[in-house]
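Beneath this line is the structure, given in structure tokens, with notes to follow.
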Amino acid sequence: MAAKKLNHHPAAEMWAGGLSDDIDHVLWSQKQLAARIEELGQVLTEHYRDRDVLVVGILCGSFPFIADLVREMNIPVAIDFMAVSSYGDRTTSSGVVRILKDLGTPIANRHVLLVEDIVDSGRTLRYLVDNLKTRHPASLEICTLLDKREARVVDIETRYIGFTCPDEFVVGYGLDYAGKYRNLPYIGVLKPEIYRT
Ligand code: PRP
């Protein structure tokens, strides 16, 4: 199928195919994401210069963000991943998180930077931070691309934030709905009819 231009929003400077038909409007274009991630990379480069830093991506949503972020960090970094799953559905989550894939390396005395695509209720990160602190890292900071503050249920300190996110159903650039839309190169709001059907 021929690609068509997503031209109903000025922030969409891209050509896209069928996936974009499900997007109501774009919140951050590919260019806007790249510009902000470049800024974050510069800040993190300064903060972690001359430190032994382990960048930890939380799968699956963080995969494009962490890939772009570490390439904007002009220092040596080690990279690892964790995969987690919440018990229950999103609305009845107890905040107890099951670790599906743990880190491959010890973090004692290392500077750990947790990288997330989005902080919503904060429950996932609250659990992860409490868990990882028991392993005695030298420091533990959070970098999230999106911070949906309006949805916060538990207190969690996010030191590095890409954008404050409105309380809307956002997808793209790692964020999914039912496992899809992660490969959109921008972040947009899903049309309500997609998730109400
Ligand atoms: C998303 C996101 C965070 C979590 C945030 O992951 O990547 O890990 O939800 O929500 P919270 O602040 O309410 O805990 P999700 O469980 O959707 O898995 P995914 O990364 O595989 O999409």
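The values are calculated or read from the model by the stated rules, or taken from the named source; none is laboratory data. All of these numbers come straight from a predicted model, not from anything done at the bench. Cβ coordinates were reconstructed from backbone atoms using ideal geometry, including for glycine residues, and neighbour counts include every protein chain displayed. To get the accessible areas, we keep the full protein, side chains included, count just its heavy atoms, and leave off ligands, DNA and RNA. Shrake-Rupley method; radii C 1.70, N 1.55, O 1.52, S 1.80 Å.
Laid out as a table, the results:
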read-out	value
Residue match in the range 94-115 (condition: at pLDDT 95 or above, within 14 Å of the ligand (Cβ to nearest atom), in contact with a helix residue (DSSP H, G or I) (Cβ under 8 Å, 6 or more places away or on another chain) and open to solvent by less than 10 Å² (accessible area, probe 1.4 Å))	yes
Condition broken by Arg123, with the remaining ones in (1) closer than 28 Å to Lys31 by Cβ; (2) among the basic types (Lys, Arg); (3) within 16 Å of the chain's Cα centre (by Cα) satisfied	(1)
Test: Asp89 is outside any strand (DSSP E or B), at pLDDT 95 or above, open to solvent by 30 Å² or more (accessible area, probe 1.4 Å) and closer than 21 Å to Lys148 by Cα	no
Top-ranked residue in the range 12-50 [being in a strand (DSSP E or B) and at pLDDT below 95; ranked as surrounded by the most Cβ atoms within 10 Å (Cβ to Cβ)]	Ala16
Number of the condition not met by His9 [criteria: (1) open to solvent by 30 Å² or more (accessible area, probe 1.4 Å); (2) at pLDDT 95 or above; (3) under 20 Å from Cys165 (Cα atoms)]	(2)
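Residues are listed down the side, and each one gets a yes or a no for (1) open to solvent by 10 Å² or more (accessible area, probe 1.4 Å); (2) without any contact (Cβ under 8 Å) to a residue 24 or more places away in the chain:
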| position | (1), (2) |
| --- | --- |
| Arg123 | yes, no |
| Asn131 | yes, no |
| Glu141 | yes, no |
| Val153 | yes, no |
| Phe163 | yes, no |
| Gly174 | no, no |
| Tyr177 | yes, yes |
| Pro185 | yes, no |
